[in-house]
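Read through the structure below, which is laid out as structure tokens, and then see the notes.
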Amino acid sequence: MAVAYREIVSLPNSIDERAGGFVVFAAPGAEQGYAWVFPMGGRLANVGIGTTLASVTGSLREAYGVFVAGRPELRGAEQVSGGAGMVPVRRPLASLVGDGFMAVGDAGCQTSPLHGGGIIPAILAGVKTGEQAVRAISNGGVSAEALWEYGTQFMTTIGAAYATHDVLKELLYSLSDRNLVFLFTQIAQSEKLIHAIQRGSFLPGVSEALRRLAAFTRRPRLAARIISTGKAMASVRRHYEAYPDSPSGLESWMGREEFLRRSRGRP
């Protein structure tokens, strides 16, 4: 789980939305998370800080205050609204449906383990649940079997990508600050690599991979771990893309998922 504190603030001057927002990784008080500033139009901005629940050692709201105080662009900010909340940052639930039941959004762990974002997946899942409910009711039943297609659609697409994000998170949390900055620099320099990670891969293609890996010649251990992580992500993605098309296949699918986790040393 992750926990975050966020405020909508009003600033003395308008913010150019075209310039975009920014995030600060491993901000003080959020060493396993990040702080953010996202323009909302006019003088409003979404500003917050979040980290894993297990890593919280003090007041997250105080950490937010320290972050804001250190950002010149937030000088004079006035709170419009604020609040804290918890977010699941793990792979999606193994099953998103039951008899007369479908899980959507945080209830189904439909957030990225990398950054905790989940608004768009929740909206898309909400549309799919509505469509599935109509089909099931029209066909005369709302059993898990009748609702199963919704879970299959999510798990083989967004779920597959987010399950690989869970693997990548393991690597990122284990890196030193020096290697983490180096890796993020390499990612930021490649739009193709960013898109590949969003889809649930680590390398966008042979030519791009060779260009990026060439930069790792002086970091052979890091390169080896990246290759190993990429292979693990590919295995997990294939597993989720093979999600069963009926409840009868769930038990064996979960057994395979457990094997994949234990092969990476996960409990």
Members of segment 129-148 found to be within 13 Å of F101 (Cα to Cα) and either of a type outside the set (A, V, I, L, M, F, W, C) or in contact with a Gly (Cβ under 6 Å, 6 or more places away or on another chain) (or both), listed by number | T129, G130, Q132, G141, V142, S143, A144, E145
Can you tell which of A27, A63 is in contact with a strand residue (DSSP E or B) (Cβ under 8 Å, 6 or more places away or on another chain), at pLDDT below 90, of a type outside the set (D, E) and outside any strand (DSSP E or B)?
-> A27
Would you mind stating whether L114 is open to solvent by 40 Å² or more (accessible area, probe 1.4 Å) and under 24 Å from Y173 (Cβ atoms)?
-> yes
All positions within segment 220-267 that are assigned to a helix (DSSP H, G or I), in contact (Cβ under 8 Å) with a residue 40 or more places away in the chain, more than 21 Å from W148 (Cα to Cα) and not aliphatic (A, V, I, L, M) | R225, T229
Is at least one residue of segment 253-265 out of contact with any strand residue (DSSP E or B) (no Cβ under 7 Å at 6 or more places or on another chain), at pLDDT below 80 and open to solvent by 40 Å² or more (accessible area, probe 1.4 Å)?
-> yes
List the number of the failed condition for V89; all other conditions in (1) in a helix (DSSP H, G or I); (2) touching a Lys or Arg at 6+ places or on another chain (Cβ under 9 Å); (3) of a type outside the set (D, E) hold.
-> (1)
Test result for G151, modelled with pLDDT of 95 or more and either under 20 Å from the mean Cα position of the chain (by Cα) or part of a loop (DSSP other than H, G, I, E, B) (or both) = yes
Please indicate, with yes or no, whether at least one residue in segment 135-158 is among the aromatic types (F, W, Y) and open to solvent by 30 Å² or more (accessible area, probe 1.4 Å).
-> no
Options A94, A133: the member that is part of a loop (DSSP other than H, G, I, E, B), in contact with a helix residue (DSSP H, G or I) (Cβ under 9 Å, 6 or more places away or on another chain) and either within 29 Å of F25 (Cβ to Cβ) or in contact (Cβ under 8 Å) with a residue 12 or more places away in the chain (or both) = A94
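The values are calculated or read from the model by the stated rules, or taken from the named source; none is laboratory data. Note that this is a predicted model, so its numbers are computed, not measured. Quick reminder, even Gly has a Cβ in these numbers, built from the backbone with ideal geometry, and neighbours come from all protein chains shown. With ligands, DNA and RNA removed, areas are computed over all heavy atoms of the protein, side chains included. Shrake-Rupley method; radii C 1.70, N 1.55, O 1.52, S 1.80 Å.
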